[in-house]
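K.L.:
Take this structure, written in structure tokens, and hold onto it; I'll ask about it next.
The values are calculated or read from the model by the stated rules, or taken from the named source; none is laboratory data. Just so it is clear, the model here is predicted, and its values are computed rather than measured. A quick note on method: Cβ atoms are made from the backbone with ideal geometry, for glycine too, and the neighbour counts reach across all protein chains shown.
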Amino acid sequence: MRYQLRPINTLDRRLVERTARWRSTPADRSLRTLTMSANHSRLWMAISAGLFVAGGRAQRRAAVRGLVAVSLASGVANGVGKPLFPRRRPPVEAVPLQRRLVKPPQSSSFPSGHAASAAAFVTAVALEAPKTAAVLAPVAAAVAYSRVHVGVHWPTDVLAGAALGSGVALATRRWWAVRDDEPADLGDTKRTDPLPGGRGLLLVVNPASGSSDGGEQLAVLRSRLPEAQLLELDGDLDLSAELDKKVREDDVAAFGVVGGDGTVSTVAEAAVRHGVPLAVFAGGTLNHFARDIGVEDPETTFAALESGQLVLVDTARVRLDGAVEQVFVNTASLGGYPDFVRLRERWEKRVGKWPAAGFSMLRVLFRAAPLHAEVDGRRSALWMLFVGNGAYHPADQIPMSRPRLHDGTLDIRYLRADLPLSRTRLIWATFTGTLDRSATYVHRRVAQLDVSVDGAPVSLATDGEVGHRAMRLGFASQPAALAVFREAPPVSR
């Protein structure tokens with residue numbers, strides 16, 4: 001083995017000797033400062049904090065994924081690699097005095113933990129925000145090289161550490177899917193009469209939704225849509241009944257909505273019921289539906305109102321105990337899933353969707369009681385049931401994005417509680433990326449689904465809002481049921 005490593009050791013010594021002959025420059029002090037700043041991953045934690053505070057949605061996800069990757073890579077490099085592959089560090093005199101660290105590390109030289117952390121961080125960031133990673137890549141490369149420059153690692157230690165870190169970061173995709181921020185593939189297009197200035201538009205505004213710039217957003221809407229009729233929500237208003245009344249009494253050509261997914265869902269239900277198109281303005285915190293139909297930028301909706309351009313998208317409905325019907329545009333859920341959604345949405349604004357989803361699932365699984373039900377005629381005990389309007393991605397992990405909204409599909413996922421050690425098996429499958437091979441996880445795509453619950457009525461959450469209780473629930477896709485104002489939809493993927 002030593003004979004096989006001799007050429008590598010010889011090459012390492014030659015490279016270190018060559019770098020040692022370089023004349024002293026101000027870069028010596030900078031590289032020494034940089035390598036010390038990366039001790040205990042302090043540099044990457046600081047950069048993550050900056051990305052999280054000043055960055056957008058992709059940068060915040062990148063910050064969280066980067067820190068997770070650094071933690072894993074550092075643990076593998078220092079806790080596994082160094083004990084298994086002990087190697088002496090370069091001798092202290094290998095580099096000039098002005099480059100040396102005051103307290104050089106004494107642990108094994110192989111692999112470089114600093115290089116592993118640097119590569120893990122920038123690779124993980126690249127998965128979520130490639131342009132941000134391109135800016136950070138020179139910093140990561142400098143950190144990795146600095147370990148050779150200050151004389152505490154051989155070059156191959158750094159190369160091995162970098163390869164390890166990148167591999168760990170790439171492996172996170174197996175259990176933490178990379179979110180696709182592109183709009184969903186939508187349905188057919190059609191035309192309606194243009195609504196210049198918002199003429200004939202009834203615009204529903206939920207002032208309780210969204211961020212602190214809601215007043216500024218409303219001012220822009222008033223300026224751009226001066227002829228629209230505004231309906232501002234308050235706590236006592238029955239929105240569905242009020243929309244029905246406005247359609248009967250006024251000349252309403254279309255509905256508009258400014259609010260979160262719950263408000264959008266209620267107005268969309270009325271739009272489907274009355275056969276009028278819907279203009280969506282993202283006014284909530286997460287805006288899943290607005291993002292999926294590609295109207296997060298209000299200019300897209302403004303342009304469509306001026307041109308009369310519409311796109312048809314699917315909705316879904318659920319019939320409760322054979323009587324009341326509820327339309328939803330994103331998801332419906334039973335069992336522990338309503339609690340899961342509430343926890344995930346509370347945490348995902350701070351830590352990102354996948355970590356929030358993972359932590360929320362753990363908490364719900366440990367606290368939830370099984371839900372005994374008959375699912376399409378098959379009796380089962382469930383921890384939670386998810387019904388998505390459209391096909392969600394990925395199929396074998398926690399759903400992260402929705403690539404299509406036009407194929408008449410319900411995305412059905414549920415977690416079985418009637419198998420031995422089901423909680424433990426689910427947790428293991430989730431965090432090892434093996435849900436698709438776990439008997440505790442069921443995933444189907446169908447046009448309709450019937451669920452009958454044993455015992456007392458259970459809560460149903462639709463689009464993040466818990467508003468109904470029922471024992472018998474009939475879910476069905478409604479293909480191309482909703483026409484939304486959308487200018488120039490993206491090309492099908």
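K.L.:
Yes or no: Glu227 assigned to a helix (DSSP H, G or I) and acidic (Asp, Glu)?
P.N.:
No: the conditions fail for Glu227.
K.L.:
Within the stretch 285-313, which residues are surrounded by 24 or more Cβ atoms within 10 Å (Cβ to Cβ), of a type in the set (Gly, Ala, Ser) and either touching a residue at least 40 places away in the same chain (Cβ under 8 Å) or assigned to a loop (DSSP other than H, G, I, E, B) (or both)?
P.N.:
Listed by number, the list holds a single entry, Ala304.
K.L.:
Are there any pairs, at least 6 apart or on different chains, whose C-beta atoms fall under 8 Å, with the first in the stretch 377-391 and free of Cβ contacts under 8 Å to residues at least 12 places away in the same chain and the second surrounded by fewer than 19 Cβ atoms within 10 Å (Cβ to Cβ) and not polar (S, T, N, Q), and if so, which?
P.N.:
Arg379/His372
K.L.:
List the number of the failed condition for Ser48; all other conditions in (1) buried (at least 21 other Cβ atoms within 10 Å of the Cβ); (2) more than 38 Å from the chain's Cα centre (by Cα) hold.
P.N.:
(2)
K.L.:
For the stretch 91-196, which helices (runs of 4 or more DSSP H) that fit wholly inside it have 1 or more residues that are touching a Gly at 6+ places or on another chain (Cβ under 6 Å), at pLDDT 90 or above and farther than 30 Å from Gly294 by Cβ?
P.N.:
113-128
K.L.:
Could you please find all residues in the stretch 419-441 being under 13 Å from Leu382 (Cα atoms) and either in contact with a Leu (Cβ under 8 Å, 6 or more places away or on another chain) or surrounded by 19 or more Cβ atoms within 10 Å (Cβ to Cβ) (or both)?
P.N.:
Once the filter is applied, which keeps residues that are under 13 Å from Leu382 (Cα atoms) and either in contact with a Leu (Cβ under 8 Å, 6 or more places away or on another chain) or surrounded by 19 or more Cβ atoms within 10 Å (Cβ to Cβ) (or both), the stretch 419-441 yields Ser422, Arg423, Leu426, Ala439, Thr440, Tyr441.
K.L.:
Inside the stretch 246-262, can you point out the residues that are part of a helix (DSSP H, G or I) and of a type outside the set (A, V, I, L, M, F, W, C)?
P.N.:
Those that are part of a helix (DSSP H, G or I) and of a type outside the set (A, V, I, L, M, F, W, C): Lys246, Arg248, Glu249, Asp261, Gly262.
K.L.:
Further question: With Ser108, Ser117, Ser112 as the choices, which residue is in contact (Cβ under 8 Å) with a residue 24 or more places away in the chain and within 15 Å of Ala169 (Cβ to Cβ)?
P.N.:
Checking each option against the conditions leaves just Ser117.
Yes/no per residue for (1) assigned by TED's automatic domain parsing to the domain that holds Ala169; (2) over 37 Å from the mean Cα position of the chain (by Cα); (3) over 22 Å from Ala163 (Cα atoms):
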| position | (1), (2), (3) |
| --- | --- |
| Val76 | yes, no, no |
| Val80 | yes, no, no |
| Leu84 | yes, no, no |
| Arg87 | yes, yes, no |
| Arg99 | yes, yes, yes |
| Pro104 | yes, yes, yes |
| Ser112 | yes, no, no |
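K.L.:
Can you spot a residue in the stretch 343-352 that is modelled with pLDDT of 80 or more and not assigned by TED's automatic domain parsing to the domain that holds Val64?
P.N.:
Within the stretch 343-352, not a single residue is modelled with pLDDT of 80 or more and not assigned by TED's automatic domain parsing to the domain that holds Val64.
K.L.:
Criterion first (acidic (Asp, Glu), buried (at least 16 other Cβ atoms within 10 Å of the Cβ) and either out of contact with any Leu (no Cβ under 8 Å at 6 or more places or on another chain) or free of Cβ contacts under 8 Å to residues at least 40 places away in the same chain (or both)) does Glu242 satisfy it?
P.N.:
In short, no.
K.L.:
I've got another one for you. Within the stretch 321-331, take every residue that is touching a residue at least 24 places away in the same chain (Cβ under 8 Å) and outside any strand (DSSP E or B) and give me the one that is surrounded by the fewest Cβ atoms within 10 Å (Cβ to Cβ).
P.N.:
Step by step, filter the stretch 321-331, then rank; the result is Gly322.
K.L.:
If you don't mind, there's one more thing I want to ask. Do the conditions hold for Val220, that is, is it assigned to a strand (DSSP E or B) and either farther than 27 Å from Gly56 by Cβ or aliphatic (A, V, I, L, M) (or both)?
P.N.:
Against the criterion (assigned to a strand (DSSP E or B) and either farther than 27 Å from Gly56 by Cβ or aliphatic (A, V, I, L, M) (or both)), Val220 does not qualify.
K.L.:
Can you pull out every residue in the stretch 244-265 that is modelled with pLDDT of 90 or more and β-branched (Val, Ile, Thr)?
P.N.:
Scanning the stretch 244-265 gives Val257, Val258, Val264.
K.L.:
Separate question: Answer with yes or no whether Gly275 is at pLDDT 85 or above and on the phi > 0 side of the Ramachandran plot.
P.N.:
So Gly275 fits the description; yes.
K.L.:
May I ask you to say which residue of Tyr392, Tyr441 is under 19 Å from Phe475 (Cα atoms), touching a Lys or Arg at 6+ places or on another chain (Cβ under 9 Å) and of a type in the set (Ser, Thr, Tyr)?
P.N.:
Tyr392
K.L.:
On to the next question. Considering each residue of the stretch 47-71, count those that are in contact with a Ser or Thr (Cβ under 7 Å, 6 or more places away or on another chain) and more than 15 Å from Val135 (Cα to Cα), and give that number.
P.N.:
5
K.L.:
Still on this structure, please answer the following. In the set Val267, Val272, Val276, Val318, which member is outside any strand (DSSP E or B), touching a Leu at 6+ places or on another chain (Cβ under 7 Å) and surrounded by fewer than 24 Cβ atoms within 10 Å (Cβ to Cβ)?
P.N.:
Every option except Val272 fails the conditions.
K.L.:
With respect to the numbered conditions (1) free of Cβ contacts under 8 Å to residues at least 24 places away in the same chain; (2) under 24 Å from Pro403 (Cβ atoms); (3) crowded, with 22+ Cβ neighbours inside 10 Å, which one is the sole condition not fulfilled by Ala184?
P.N.:
The one condition Ala184 does not meet is (1).
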